[in-house]
Amino acid sequence: MKFVPLAALLMLAASPVLAEGTSTVETPAMTPASTSAPNASDLLFEKPQMKNVPPGTKLTYAYLRRSGISKGPFGPPMDDTIKLGVEPGKTADGRDIRVEMFSGANRFPAGPFEDMPGNPVMTLFLEHHLMDMARVLSANPRYIKNAIRKGLRDNATVTPTTVDYQGQKVPAWRVETQPFVDDRMKERMRGLENIRYTFVTSDAVPGELVSIEAQSKTADGGELLEEKLTYVPNAG
């Protein structure tokens, strides 16, 4: 792994804020039933993703975070899980959800969620990610959050793909956005402005989320940040 000097990449101006297994297979052989790509924000945050999760189910997601930036501003490499315990909600599509976000010393308080139609792990991942980004960059977390939202709403690509699930290829959507690449304050991100967010979802997978990835590299391939969440089938 190439290590990138912290001082050269992450020291910001004096201001404390920025100005305001499953696997994907790129093949057209199978596509989601609708040939018209959905809006990224609607696909990720407006669908009742939990309606295909029977009450009594536990969903498990493998979490990985690592960074090659010297002096470890993101902390040591982290390999853990997020688990969702799913029970009936008050409505047909809603679920009451208990959360085990990481384990041991990594444990992070989250939930519970009542009568939740969407998959809360989407928001849990992004909220945890933007807290780390804001801390490392001495940035305003609201600025980062709004930039990601805008990127998904206005500047995301949504393409059909397939994923391997329980021995079969099932239709899926791949969403990608780089919300900071044209940001007017990108010079203050010291290399992380090229961070790419990739989401993969499928109606055939319980909770619909297959994976989320946030990745940033230097021009010569140095790893600034790799953070990923992946659904683990049959983990129990």
Margin query: With the crude spin-label approximation of a point 7 Å out along Cα→Cβ, what separation in nm comes out for residue 203 versus residue 81?
Written below: 2.9
Check: If each of residue 218 and residue 232 carries a label point 7 Å out from its Cα toward its Cβ, how far apart are those two points in nm?
Finding: 3.3
Next item on the list: Would you please give the FRET efficiency between residue 103 and residue 45, computed as 1/(1 + (r/R0)^6) with r the Cβ-Cβ distance and R0 = 30 Å, to the nearest 0.05?
Entry: 0.65
Notebook entry, point to check: So which trypsin sites (Lys or Arg not before Pro) in segment 146-221 pass both tests, a DSSP loop state and at most 15 other Cβ atoms within 10 Å of the Cβ?
Noted result: 184
Notebook entry, point to check: What nm distance separates the two modelled labels at residue 140 and residue 91, each placed 7 Å from Cα along Cα→Cβ?
Noted result: 3.3
Margin query: Starting from a Cα-only point model with no solvent, please compute log10 I(q)/I(0) by Debye for segment 43-149 at q = 0.15, 0.17 1/Å.
Written below: -0.72, -0.88
Item checked: Reachable lysines from residue 145, criterion Cα separation under 22 angstrom, eight or more residues apart if same chain -> 47, 186, 217, 228
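FYI, it's all coordinate maths here, none of it is from the lab. Since the model is a prediction, treat every value here as computed from it, not as a measurement. So basically every Cβ, Gly included, is an ideal-geometry build from the backbone, and we count neighbours across all protein chains shown.
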